[in-house]
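Visitor: Below is a structure I'd like to ask you about.
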């Protein structure tokens, strides 16, 4: 079912107050009023501590915090006690990679297409001598060589870390095959869902991965809140990460007994407002329907690629098929630097873009834009008219090259 974009745009205060064409949703999305109101509601109506005090404000906070966890779990079809609150996807990825048991198997398999937030924790484990690192082969278009996966993911593999959707091209990894091969070899799988959960219907139970990480601010939620979702048996095998208040059952000077997940991984006072806001974001997206969001994005991806492709001397990175990516396109114009393109789009038409290597330097180098590119990333509030303005603006800029 086609979504009513104009009706959706009315829900976002920034779009009502700012004259902007916002094409930077892969960095962070705009926030609907329902999310802003939910977060404000915590501060104005409760502002207590969950799970600690007995007074009414604390109880109200506890109920709202628990309800948020339930909403998020429902959104990705996972048990509520499998949802661990973090400050973002970066922390969720670090939690698994740094807490995983490498005593029996030491190899971590990943790809050169990953965000630095996935790559760097693995590289740290390698630097410390805890684990080794090996890459699944991908080509200059960012596609996988599926025939070689079994030779890389083997019985020595402890953990496979892979994206759902990349932040450089919007293309998806062949997760079904990767997870199948990993589990056949006894390895666990951690999926970076930062660019996947906001743009498609992700069903954790159906996905079959052991862990899923994502951020709230990329899916209409607040900044400073993210989640790690994990199978119960996989979470129980993780060592403690950050410890402190509310992570324990009992403490003596010679012994500590930690609680079960998720509480074992949620040390100290939590970002209650952020969690409540993320719960509201899940409600908001759920009412629209993620299948409808995905359908809108596929249509916009085609419009976006046509717009950029119509500009002389433009180069689009990744697959040429709009049906195989979210509404995210990285590109360059010949003889005009990526920084200049982004700045001129802002100055000429108030179009917000990202320029650089997008915190994925190895990925950028592997696909031919190691010095940087321009990224346009759309969401449920973007229109065909905005894409038309974008195409016209790029045409003007290209003439300067």
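Visitor: Just the residues that are assigned to a helix (DSSP H, G or I) and buried (at least 17 other Cβ atoms within 10 Å of the Cβ), please, taken from the range 174-203.
Guide: Result: 175, 178, 179, 181, 182.
Visitor: Across the range 318-330, what is the total count of residues that are farther than 17 Å from residue 388 by Cβ and either buried (at least 22 other Cβ atoms within 10 Å of the Cβ) or modelled with pLDDT of 95 or more (or both)?
Guide: Going through the range 318-330 one residue at a time, the tally reaches 5.
Visitor: Here is a follow-up. Counting just the residues of the range 363-387 that are touching a helix residue (DSSP H, G or I) at 6+ places or on another chain (Cβ under 7 Å) and in a helix (DSSP H, G or I), which one comes out surrounded by the most Cβ atoms within 10 Å (Cβ to Cβ)?
Guide: 387
Visitor: Could you tell me whether the range 332-340 includes any residue that is on the phi > 0 side of the Ramachandran plot, more than 24 Å from the chain's Cα centre (by Cα) and not assigned by TED's automatic domain parsing to the domain that holds residue 49?
Guide: Yes, some residue in the range 332-340 is on the phi > 0 side of the Ramachandran plot, more than 24 Å from the chain's Cα centre (by Cα) and not assigned by TED's automatic domain parsing to the domain that holds residue 49.
Visitor: In the same structural domain as residue 222 (by TED's automatic domain parsing) and within 27 Å of residue 325 (Cα to Cα): which single residue out of 103, 99, 82, 140 fits that description?
Guide: Unique residue meeting the criteria: 140.
Visitor: Still on this structure: Does residue 257 fit the bill of being in contact with a helix residue (DSSP H, G or I) (Cβ under 9 Å, 6 or more places away or on another chain) and either at pLDDT below 95 or outside the structural domain of residue 294 (by TED's automatic domain parsing) (or both)?
Guide: No, not satisfied.
Visitor: What residue, among those in the range 300-317 that are within 21 Å of the chain's Cα centre (by Cα) and either closer than 17 Å to residue 200 by Cα or at pLDDT below 95 (or both), is surrounded by the most Cβ atoms within 10 Å (Cβ to Cβ)?
Guide: 300
Visitor: Also, quick follow-up: Sort out for me the helices (runs of 4 or more DSSP H) sitting completely within the range 1-55 that have 3 or more residues that are closer than 16 Å to residue 297 by Cα.
Guide: Qualifying helices (runs of 4 or more DSSP H): 5-9.
Visitor: Please note which strands (runs of 3 or more DSSP E) are completely contained in the range 204-257 and include at least 3 residues that are loosely packed, with under 13 Cβ neighbours inside 10 Å and touching a strand residue (DSSP E or B) at 6+ places or on another chain (Cβ under 9 Å).
Guide: The strands (runs of 3 or more DSSP E) meeting that bar are 248-252.
Visitor: Restricted to the range 388-401, and to residues that are within 30 Å of residue 4 (Cα to Cα) and either in a strand (DSSP E or B) or touching a residue at least 60 places away in the same chain (Cβ under 8 Å) (or both), which residue is nearest to the chain's Cα centre (by Cα)?
Guide: Filtering the range 388-401 for residues that are within 30 Å of residue 4 (Cα to Cα) and either in a strand (DSSP E or B) or touching a residue at least 60 places away in the same chain (Cβ under 8 Å) (or both), the one nearest to the chain's Cα centre (by Cα) comes out as 390.
Visitor: Could you tell me which numbered condition residue 212 fails, if it satisfies all but one of (1) at pLDDT below 95; (2) under 22 Å from the mean Cα position of the chain (by Cα)?
Guide: Against the list (1) at pLDDT below 95; (2) under 22 Å from the mean Cα position of the chain (by Cα), residue 212 comes up short only on (1).
Visitor: Same structure, new question: Do you know which residues across the range 346-358 are surrounded by fewer than 17 Cβ atoms within 10 Å (Cβ to Cβ) and in a loop (DSSP other than H, G, I, E, B)?
Guide: Once the filter is applied, which keeps residues that are surrounded by fewer than 17 Cβ atoms within 10 Å (Cβ to Cβ) and in a loop (DSSP other than H, G, I, E, B), the range 346-358 yields only 350.
Visitor: Continuing with this model, one more query. Assess whether residue 181 counts as being within 27 Å of residue 33 (Cα to Cα) and not assigned by TED's automatic domain parsing to the domain that holds residue 367.
Guide: Considered against the rule, which asks whether it is within 27 Å of residue 33 (Cα to Cα) and not assigned by TED's automatic domain parsing to the domain that holds residue 367, residue 181 comes out as no.
Visitor: Another question about this same structure. Could you say which residue among 101, 81, 154 is within 30 Å of residue 275 (Cα to Cα), assigned to a loop (DSSP other than H, G, I, E, B) and modelled with pLDDT of 95 or more?
Guide: Criteria check complete, one pass: 101.
Visitor: Any idea which of 162, 152 is under 29 Å from residue 198 (Cα atoms), touching a strand residue (DSSP E or B) at 6+ places or on another chain (Cβ under 7 Å) and not assigned by TED's automatic domain parsing to the domain that holds residue 294?
Guide: The conditions single out 162.
The values are calculated or read from the model by the stated rules, or taken from the named source; none is laboratory data. On a predicted model such as this, the values are computed, not experimentally measured, just so you know. Cβ sites come from the backbone with ideal geometry, for glycine too, and all protein chains shown count toward neighbours.
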